[in-house]
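> Submitted below is the structure of interest, expressed as C-alpha cells.
The values are calculated or read from the model by the stated rules, or taken from the named source; none is laboratory data. Note that this is a predicted model, so its numbers are computed, not measured. Glycine also receives a Cβ, built like all others from the backbone with ideal geometry; neighbour counts cover every protein chain displayed. Remember, those area values only see protein heavy atoms, side chains included, never the ligands or the DNA or RNA. Shrake-Rupley method; radii C 1.70, N 1.55, O 1.52, S 1.80 Å.
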Amino acid sequence: MSKYPSGKRKKVIPKKTGIRREIDQDPNTFVLRLLLNAAPYYVSGSIIAQKLKMSRVAVWSRIDKLRKAGLTIEASQNLGYRLAAEPNNFNASLIRAWFDQIGNNCNVFVYDNTDSTNAEAERLLTNGANAPFAVLANQQAHGRGRRGRKWFSPAGGNLYLSLGFRPDVQALKLRNFTLWQGINICKFLRDFTGSDKIKVKWPNDIYYEDKKIAGMLTEASIDCERIKTLIFGIGLNINAPANNYPKKLKRSLMTIQSLMGNQIRLHELSAMIIKIALKSYIQTKNGESENLLIDQWQGLDAFYGKKVKVTTSNETVLGRAEGINIEGHFKVKLRNGRFKYFASVEDLEKI
Ligand code: BTN
C-alpha cells in the first residue's frame, strides 16, 4: 500500500472542475475521481450519493466493493470517505480515475498476468481496437526485451506498459521515436525523484548510476514504407522488492522505491508516464522532436565522453562515445580521430 498523508481535519467539498459531469459506465471510476480530487481529505457520502444519483446505502455498498478490490478507503461518520492508500496492483477503475485527474485520454486494458503487454497490444491492434490505448499488467510471464532477450517481470508494484498506436506515417518520421521517449521519460523521472543521476543509455534504457531502472521496446508493422501499427513498451522498476528478482539481476537494477526511500503510488506514477509517452508520440509524429533530439540526448547521456567498447555481430570497436547523430545512431570517436556510427549493437559497455 502506498499511503496518502492523513487528512482528518479539513473537510473538503470536491471541485467540479476535472470531474466529468455525466456518470460514465463505470461508477467505481466516478467515485474514485471524487475521492482523488479531495485526497487526502474526505468527501461526504451525501455528495457522492447526489452526484451518482443513488442512495447513501448504495454508496456505502459501492465503497465496500472498492475496499474488497484492495483500495484503502477510510470512513468517518461526520466527514464521509477518503482514499487513504493505493493498492500495489493495478486497479482499472483507479487508473481511469487518475487519467481523468491528469487529463489522459485513452482506453486502458488491465491484466493481472499476461504473457507480454507488447504481445497483448499486438493482438488488440490486430483485432481492430481503437488507438491509442494502454495495456498494463501486474506481471508478465514472457516479457520481451530488446534483441529477443527476456524482460524479467515479477509482481510487486512495477510498471509493465504498452501503448498501441496506428500512426500511418512514413517510417522515417518515427525513426527516433524511442530515443525521444527515453529523453522525456528520463527528464520526468529526474523531476519526480529529484535525482539528476538518472540518465539514458543508448538506445533504449534508463539508468541510475550503473543500475537499470527502465527498458523500452518499440515494435512496428510497416507496409509500403508506412508505419501502420506501433507498439511502445516500457518496463519500469517501481516498487517490486529485490527478493522478487533472480540473484543475478538484483545487483544490476534499481527501483524508484529504493531510490526515494518510500513506496511509490503505482497508479499515479503510471498515469503520468502514460501521459508523457502519449505526448512524446505526438511530438515525434509532428516533427517537433527532430531539432531538439541531439542536444537533449547529450544532456542526459550516461555514456557521453566515456571510453566505450561496442560489440556488433561482426566487430568490436573501442573509442569515445560522442552522443548520437540526427538519425539516432550511436556516435563513437575512434583512436585515429575518425567517427563511426552504429544503428544497432549487440553490446555496449564503458571501459
Ligand atoms: C529492454 O531493455 O530490453 C527492453 C525491455 C522492455 C520491457 C517492456 S515491459 C512492458 C513491455 N512488454 C514487453 O513484453 N516488453 C516491454
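> State all residues of segment 68-83 that are more than 16 Å from Leu36 (Cβ to Cβ) and either in a loop (DSSP other than H, G, I, E, B) or under 29 Å from the mean Cα position of the chain (by Cα) (or both); if no residue qualifies, say none.
Listed by number, the residues that qualify are Lys68, Gln77, Asn78, Leu79.
> Suppose we filter segment 122-152 for residues that are farther than 16 Å from Ile274 by Cβ, assigned to a loop (DSSP other than H, G, I, E, B) and either in contact with a Leu (Cβ under 9 Å, 6 or more places away or on another chain) or open to solvent by less than 10 Å² (accessible area, probe 1.4 Å) (or both); how many remain?
Residues meeting the conditions: 4.
> Here is a further query. Could you check how many residues of segment 50-68 are of a type outside the set (Val, Ile, Thr), under 14 Å from Ser93 (Cβ atoms) and in contact with a helix residue (DSSP H, G or I) (Cβ under 8 Å, 6 or more places away or on another chain)?
Residues that pass the stated criteria total 4.
> Same structure, new question: Would you tally the residues in segment 291-309 being in contact with a Phe, Trp or Tyr (Cβ under 9 Å, 6 or more places away or on another chain) and open to solvent by 50 Å² or more (accessible area, probe 1.4 Å)?
Going through segment 291-309 one residue at a time, the tally reaches 4.
> Next question, about the same structure. Take Ser270 and tell me if it is under 22 Å from the mean Cα position of the chain (by Cα), at pLDDT 95 or above and open to solvent by 60 Å² or more (accessible area, probe 1.4 Å).
no
> Also, quick follow-up: Just for segment 140-154: of the residues that are touching a helix residue (DSSP H, G or I) at 6+ places or on another chain (Cβ under 7 Å) and more than 8 Å from the ligand (Cβ to nearest atom), which one is farthest from Thr229 (Cα to Cα)?
For segment 140-154, the residue satisfying everything is Pro154.
> Quick one: in segment 110-139, which of the residues that are of a type in the set (A, V, I, L, M, F, W, C) and over 14 Å from the mean Cα position of the chain (by Cα) is nearest to the ligand (Cβ to nearest atom)?
Looking at the filtered set, the residue picked out is Ala119.
> Suppose the filter is under 30 Å from Arg175 (Cα atoms), surrounded by fewer than 17 Cβ atoms within 10 Å (Cβ to Cβ) and modelled with pLDDT of 95 or more; does Lys228 pass it?
yes
> Would you mind telling me which numbered condition in (1) part of a strand (DSSP E or B); (2) more than 14 Å from the ligand (Cβ to nearest atom) Leu163 fails?
Leu163 satisfies all of (1) part of a strand (DSSP E or B); (2) more than 14 Å from the ligand (Cβ to nearest atom) except (2).
> Among (1) open to solvent by less than 60 Å² (accessible area, probe 1.4 Å); (2) over 16 Å from the mean Cα position of the chain (by Cα); (3) more than 25 Å from Asn262 (Cα to Cα), which single condition is Trp60 missing?
(1)
> Filter segment 205-234 for residues that are out of contact with any Pro (no Cβ under 6 Å at 6 or more places or on another chain), away from the ligand (no atom under 15 Å from the Cβ) and among the hydrophobic types (A, V, I, L, M, F, W, C) and give the result.
Ile222, Cys224
> Tally the residues that are over 15 Å from the mean Cα position of the chain (by Cα) and crowded, with 18+ Cβ neighbours inside 10 Å, restricting the search to segment 153-162.
Narrowing segment 153-162 to residues over 15 Å from the mean Cα position of the chain (by Cα): 154-156.
Next cut, crowded, with 18+ Cβ neighbours inside 10 Å only: 154, 156.
Residues in segment 153-162 being over 15 Å from the mean Cα position of the chain (by Cα) and crowded, with 18+ Cβ neighbours inside 10 Å: 2 in total.
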